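The block underneath contains the structure these notes are about, expressed in structure tokens.
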Amino acid sequence: MSNYVERCIELCKQKNPGEVEFHQTVEEVLSSLTPVIEQHPEYEEAALLERLTEPERGVTFRVVWVDDAGKVQVNKGYRYQFNSAIGPYKGGLRFAPNVYPGIIKFLGFEQIFKNSLTGLPIGGGKGGSDFDPNGKSDAEVMRFCQAFMTELYRHIGPNTDVPAGDLGVGGREIGYLFGQYKRIVDKYEGVLTGKGIPFGGLLGRSEATGFGIVWYAEEMLKANGEDMKDKVVGISGFGNVAWGAAWKLQQLGAKCVTISGPDGYIYDPEGISTDEKVAFLLELRGSGKNICAPYAEKFPEAKFVAGKKPWGVCQDFDVKVDLFIPCAMQNDVHMADAENIVASGCKFYCEGANMPTTNEALVYLMDKMTAVGPAKAANAGGVACSCIEMGQNAGHTVYQHEDVYTQLHQIMRNIYNACAGAGEKYYGDKNALVQGANIAGFEKVAEAMMAQGLV
Ligand code: GLU
């Protein structure tokens, strides 16, 4: 690691005390940039990394709403506008009880590189709240979203900052947020993405993240002489990302044998191989209970393993998995899980959720496996389609499903090629996709920041 990189990692830790998730991603990204930083001494003179790790702006605000029992509730709201060098800030909103600045900054920082990798003109930002939509009524969610937008609206706009969904923010929340924005500003504009289809949403956006991940993983396999057909795949989560991934895996003839929730994991030896099973994931999510156990009640061939994650499925059952894709949330895969994955003989690992692997486990997997796909590249299909939605809205038009899928598939191939190309160029290895993604995402942003002067 170069001295400059090391200093910037330390500085970020000092300036953002206790924000461990943010430290984790900054350490992971910056440490892999060393070969580029060494070729560009002018970056240090321009304090490029210090600027990259400091959000351009961050707002924290109070969100006051009244629950169904008439009690006044107070939550925290956040929006961190990280980097606008290549386009308006773009990134989702996360509503979850564990949200605090460390989570929003980690997501916002990752978003800079992810959005750059899409090849589209979008900067990086992220926001959210410690509000927990689980177990809330529709009316409570609406009142919360209206209160949240009553502050957020002044910081966003179709050419300024365009939020979208993330954990806890899906179509329902985006609908309420959009309605309130429109009511306040009295303008019909594409200020949010992931909207419902009747009011400017993009056909294919819901499944875009999951589809994109599987297309990216398919490129990883192909580059190593394999394909997706008949592969046995283990995924975690059962939300929007897992659903899209399971659906695309089914279409490509792979067998997705696991999903998971906070309650444990499901092993389905026959795979999530029918439309009915794929659709049931949506039902699970829609139940608002945040548990996956009902899958095994509905499909008795499946087994529910309480309190465990799917990374030991090969040890728990007699099954060989070819590809693991964590699709739940950050730090889902720790060192002991990584050891299970490697011990099972699995050769491919592709991150679906944002930062699902601890840094220690990631380094181990990169060392032991044939290829490891990083989240900021593999899950960029969601935000890429968000940008297509922005274009659709700005052009007052409607794109068809097939147009979106064709574009998304090409974008995912381009992202894979950019990662593999940078891996090859700087690390002499086309499978150095983790480092390659960081470098390929960074190069474009760095060039734009240098050209725009000290801002
Ligand atoms: N939350 C998603 C992500 O992590 C989507 C962001 C967006 O569409 O703006 O990329």
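The numbers here are math on the coordinates, done by the rules we state, and not lab data. Being a predicted model, the structure only gives us computed values, none of them experimental. With ideal geometry, Cβ positions are generated from the backbone for all residues, glycine too; neighbour counts draw on all protein chains shown.
Summary of computed values
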quantity: Residue-by-residue Karplus 3J(HN,Hα) for the stretch 11-20, coefficients 6.51, -1.76, 1.60, Hz, glycine and proline x; calculated: 4, 4, 5, 5, 7, 10, x, x, 8, 5
quantity: Förster-model FRET efficiency, 22 Å R0, Thr274 and Phe317, C-beta, rounded to 0.05; calculated: 0.60
quantity: Over the chain: helical MRE at 222 nm, DSSP H runs n ≥ 4 each giving -39500 (n - 2.57), nearest 500; calculated: -15500 deg cm²/dmol
quantity: Neighbour-count ranking [beta-carbon atoms within 10 angstrom, fewest first] of Thr357, Thr274; calculated: Thr274, Thr357
quantity: Magnitude of the charge dipole, the chain, Cβ model with Lys/Arg +1 and Asp/Glu -1, debye to 20; calculated: 980
quantity: Net charge of neighbours whose Cβ lies under 13 Å from the Cβ of Asn224, counting Lys and Arg as +1 and Asp and Glu as -1; calculated: -2
quantity: Sites Asp67 and Lys308 - FRET efficiency at Förster radius 30 Å, r taken between beta-carbons, to 0.05; calculated: 0.30
quantity: Phi to ³J(HN,Hα) by Karplus 6.51 cos²θ - 1.76 cosθ + 1.60 over the stretch 176-191, Hz, x for Gly, Pro; calculated: 5, 5, 5, x, 6, 4, 4, 5, 6, 8, 6, 9, 9, 9, x, 8
quantity: Integer Hz, Karplus 6.51/-1.76/1.60 couplings in order for the stretch 260-273, x for Gly and Pro; calculated: 8, x, x, 8, x, 10, 10, 10, 10, x, 8, x, 7, 10
quantity: Sequence-distant residues sharing a close amide H with Gly58 (under 5 Å, placed H); calculated: Gln81
quantity: Highest average packing first - 277-289, 362-374, 107-119, Cβ atoms within 10 Å; calculated: 107-119, 362-374, 277-289
quantity: Selected from Ile156, Leu120, Ala420, residue furthest toward positive end of dipole (the chain; charges at beta carbon); calculated: Ile156
quantity: Distance violations [Cα-Cα > 19 Å] among Lys90/Lys376; Lys195/Lys248; Lys368/Lys425; Lys229/Lys376; Lys114/Lys289; calculated: Lys195/Lys248; Lys368/Lys425; Lys229/Lys376; Lys114/Lys289
